Amino acid sequence: MLLLIKNGTVINPGDRTIKQADVLVEDGLIQKISPGLAIKADRTIDAAGCYVMPGFIDMHVHLRDPGLEHKETVETGVRAAVHGGFTTVVAMPNTKPVVDNADVVNYVHNKAKNIGLAHVLQVGAVTKGQRGETLSDIEGMVEAGIPAISEDGKSVMNAQLYREAMTLAVKYDIPVLAHCEDIHMVNGGVVNADEAMEQMHFKGISNAVEDVIVARDITLAKETGAALHLCHCSTKDSVKMLRLAKQEGIRVTAEACPHHFILTSSDIKGDDANYKMNPPLRTKEDVEALREGLKADIIDVIATDHAPHTAIEKGVGIRKAPFGIVGLETAAALTMTELVDKGWLTIMQMAEKMSYNPAKILGLGKGVVEEGKAADLVVFDAEKEYAIDPGQFCSRGKNTPFAGRKVKGMVMATIVGGKIAFERPREKK
Ligand code: DOR
Ligand code: ZN
Ligand code: ZN
């Protein structure tokens with residue numbers, strides 16, 4: 001199939017250029033990028049007034065499959081992904097069973113391949129059953145194609161075991177994606193530890209719960225030489241430590257999630273578990289530090305930590321509900337509205353943090369819009385305004401604190417491997 005994307009503004013983080021051009025796609029590849037391509041294609045997408053960007057790559061998604069399909073499946077997850085402009089998602093291993101051997105990796109990869117909408121890369125757990133006791137079959141999972149290891153949902157609390165895992169990650173040349181949380185320090189906390197939350201009589205999770213493990217993990221990366229990637233940074237001191245570690249030449253990268261760089265605990269007005277996630281919404285100072293960190297490229301990646309739960313699970317209040325919110329279908333618009341439109345990031349930085357840098361960290365050879373490269377693309381209308389409506393989500397999870405929020409930026413089409421995986425029906429003018 002010959003696909004022509006016409007009249008868009010092409011953003012290529014590969015050589016940091018922005019230009020008006022048509023993009024011709026065939027056999028899964030970008031064949032030509034040039035203005036005024038007069039070619040009769042099988043399909044044409046009118047991208048006038050839109051950006052044509054490298055398809056977004058979400059380094060942090062919970063697809064819940066196998067075993068937790070009432071929350072999400074590979075199918076609903078990839079539908080949500082392409083609806084949100086993501087062409088690749090990286091799935092965390094805290095499923096049932098845990099992804100700790102090649103069989104489960106193959107199960108997810110095969111399922112995704114059969115659906116064929118977005119690329120799914122399954123991450124392997126660091127320890128068997130995520131119990132933190134013995135290492136999982138990392139070698140077997142590397143052979144099955146995992147892009148990284150992670151214990152996401154928790155930290156491996158035994159530093160010696162984590163050090164051994166990092167040494168293996170060096171051997172197999174894969175990054176370690178670190179959820180930083182000292183479980184012993186959580187102590188029943190459900191939201192951030194601050195005055196506003198105390199007044200609501202919620203138990204708090206202090207910044208130190210994250211910071212002590214960030215410090216530990218950077219130290220272990222320094223010793224082992226492992227490529228460490230810090231998941232969902234939420235505190236100002238984690239940004240500080242990250243900056244220092246990068247200055248020292250330690251192999252460390254990091255992500256921040258839209259909810260953490262937009263909301264604070266003060267946005268929690270009642271007992272609404274759609275505001276409950278781990279790490280929790282912090283303070284204004286933390287949000288400011290994350291934004292500064294993103295702007296200064298100390299924070300490399302914007303990821304969602306897409307964590308679907310059912311309305312029933314989330315309907316029991318902040319004390320009892322599980323941690324987590326969905327993000328695949330709101331991340332691009334929230335980033336455009338809150339960071340690009342407000343001058344924190346350039347559109348090029350958005351493309352870098354949502355595509356080019358994740359690809360680089362994971363060694364995917366993607367995240368660019370260049371001739372000869374895979375045609376994973378998103379057509380994004382940065383001007384389109386609307387209110388977020390979870391009723392429109394493809395994800396099974398509707399759990400978001402952003403329902404009703406006004407945003408700017410709409411995904412018009414998502415192309416994966418040269419095929420149109422999502423296309424928004426055009427409004428009649
Ligand atoms: O909010 C979260 N939800 N944080 C995590 O670390 C895990 C995730 C989940 O799996 O629901
Ligand atoms: Zn996590
Ligand atoms: Zn997560």
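Run the quick spin-label model on ILE312 and ARG243: label points 7 Å from Cα toward the beta carbon, then report their separation in nm to one decimal.
Label at ILE312, label at ARG243, 4.8 nm between them.
By how many nm would the segment from GLU371 to LYS419 lengthen if fully extended, with 0.36 nm per residue of separation less the alpha-carbon distance?
In short, 15.7 nm is gained.
Take the Cβ-Cβ distance between ASP271 and LEU2 as r, set R0 to 56 Å, and report the resulting FRET efficiency rounded to the nearest 0.05.
Plugging the Cβ-Cβ distance into 1/(1 + (r/R0)^6) gives 0.55.
Give a quick list of GluC sites (Glu not before Pro) in the range 199-250 that DSSP marks as loop, anything other than H, G, I, E or B, with at most 10 other Cβ atoms within 10 Å.
GLU248
With every protein chain present, what is the per residue accessible area of the range 12-70 (1.4 Å probe, Å²)?
Each residue of the range 12-70 exposes 43 Å² on average to a 1.4 Å probe.
State the percentage of accessible surface on the range 288-364 attributable to carbon and sulfur atoms; use a 1.4 Å probe and exclude ligands, DNA and RNA.
Exposed carbon and sulfur together represent 55 percent of the surface.
Only Cα pairs under 8 Å and at least 6 apart count here; give the relative contact order of the range 174-311 as a rounded whole percent. Mind showing how you got there, number by number?
On the way: 237 pairs, mean separation 34.2, N = 138.
About 25 percent, as a whole number.
For the chain, set up a Gaussian network in which alpha carbons nearer than 10 Å are linked by springs, and say which option among VAL287, VAL52, VAL316 fluctuates the most.
Sorting by GNM fluctuation, first place goes to VAL316.
Kindly state, to the nearest 0.05, the FRET efficiency for ASN106 paired with THR167, given R0 = 35 Å and r defined as their beta-carbon distance.
That pair, ASN106 with THR167, gives E of 0.85.
Can you compute the helix-only [θ] at 222 nm over the chain? Use -39500 (n - 2.57) per DSSP H run of at least 4 residues, normalise by all residues, nearest 500 deg cm²/dmol.
-8000 deg cm²/dmol
Residue by residue through the range 35-48, what is 3J(HN,Hα) from phi via Karplus (6.51 cos²θ - 1.76 cosθ + 1.60, θ = phi - 60°)? Round to whole Hz and write x for glycine and proline.
x, x, 6, 9, 10, 8, 9, 6, 9, 10, 10, 7, 9, 4
What does the convex hull of the Cα atoms come to per residue for the chain, in Å³?
128 Å³
If r is the Cβ-Cβ distance from ARG426 to ILE39 and R0 is 22 Å, what FRET efficiency results, to the nearest 0.05?
The pair ARG426/ILE39 has a calculated efficiency of 0.55.
Return the sequence-ordered ³J(HN,Hα) values of the range 243-250 in whole Hz as given by the Karplus equation 6.51 cos²θ - 1.76 cosθ + 1.60 applied to θ = phi - 60°, using x for Gly and Pro.
4, 4, 4, 5, 4, 7, x, 6
Keeping every protein chain in place, order TYR386, TYR162 by accessible area at 1.4 Å, biggest value first, i.e. largest first. Could the numbers behind the result be given before it?
On the way: TYR386 60, TYR162 5 Å².
Final ranking, largest accessible area leading: TYR386, TYR162.
When DSSP assigns beta bridges and you keep just the ones with both residues in the range 59-215, what percent turn out antiparallel, to the nearest 5?
Details: 1 of 11 bridges.
So the antiparallel bridges amount to about 10 percent of the total.
The values are calculated or read from the model by the stated rules, or taken from the named source; none is laboratory data. Every value quoted in this text rests on a predicted model; they were computed, and no experiment measured them. Cβ sites come from the backbone with ideal geometry, for glycine too, and all protein chains shown count toward neighbours. The area values use the complete protein model at the heavy-atom level, side chains included, leaving out ligands, DNA and RNA. Shrake-Rupley method; radii C 1.70, N 1.55, O 1.52, S 1.80 Å.
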